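Notes to accompany the following structure.
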Amino acid sequence: MRLLQRCDNRLQAEHYANVLRAAGIRCDVRNTTLAGALGEIPFMECAPQLWIDSSLDVPRARELIADIQRPADGPAWLCTCGESIEAQFGACWQCGASRSD
């Protein structure tokens, strides 16, 4: 296994892991319970870590993570209920309708 990235929090690490797993990249999230040791252990050692099985997957994994960190391009869209929704959202926050592309 190889350390791919340290994350800000467990939620971020799990999100990245889910994206990688969906792409067929085997990975693990580690250090999810060390936040309580912060101060006794250096910060970087307490941060949740994302590990991948194969070093051959590193370039693809980094590309996938970079893709989800990029803001969505495009204009806002107008829901059938009349609400204006920003491009990165696939459903209306007000009525729950899905974006129709």
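Below, the figures for the structure above:
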read-out: Under Karplus coefficients 6.51, -1.76 and 1.60, residue-wise ³J(HN,Hα) of region 79-89 in Hz, glycine/proline x; value: 6, 5, 7, x, 7, 8, 10, 5, 4, 6, 9
read-out: Helix 58-69 vs. the chain, principal-axis angle (Cα, 0 to 90°, nearest 10); value: 40 degrees
read-out: Share of carbon and sulfur in the accessible heavy-atom surface of region 45-96 [1.4 Å probe, %]; value: 53 percent
read-out: Surface accessible to a 1.4 Å probe, per residue, for the residues of the chain, Å²; value: 67 Å²
read-out: By accessible area with a 1.4 Å probe, ligands and nucleic acids excluded, highest first: order of Val19, Val58; value: Val19, Val58
read-out: Relative contact order [Cα under 8 Å, 6+ residues apart], the chain, whole percent; value: 25 percent
read-out: Kirkwood estimate for the chain, i.e. one over the average of 1/r between Cα atoms, Å; value: 15.8 Å
read-out: Gln94 paired with His15, simple spin-label distance in nm, labels 7 Å along Cα-to-beta-carbon; value: 2.5 nm
read-out: Region 45-55 - phi-based ³J(HN,Hα) in whole Hz, Karplus 6.51/-1.76/1.60, Gly and Pro as x; value: 7, 8, 5, x, 10, 10, 10, 10, 5, 10, 5
read-out: Karplus-derived 3J(HN,Hα), 6.51/-1.76/1.60, for each residue of region 70-78, Hz, glycine and proline x; value: 6, x, 5, 8, x, x, 5, 10, 9
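The values are calculated or read from the model by the stated rules, or taken from the named source; none is laboratory data. What you see is a predicted model, and the numbers here were worked out from it, not measured in a lab. Cβ: placed from backbone, ideal geometry, glycine included. Neighbour counts: every protein chain shown. Remember, those area values only see protein heavy atoms, side chains included, never the ligands or the DNA or RNA. Shrake-Rupley method; radii C 1.70, N 1.55, O 1.52, S 1.80 Å.
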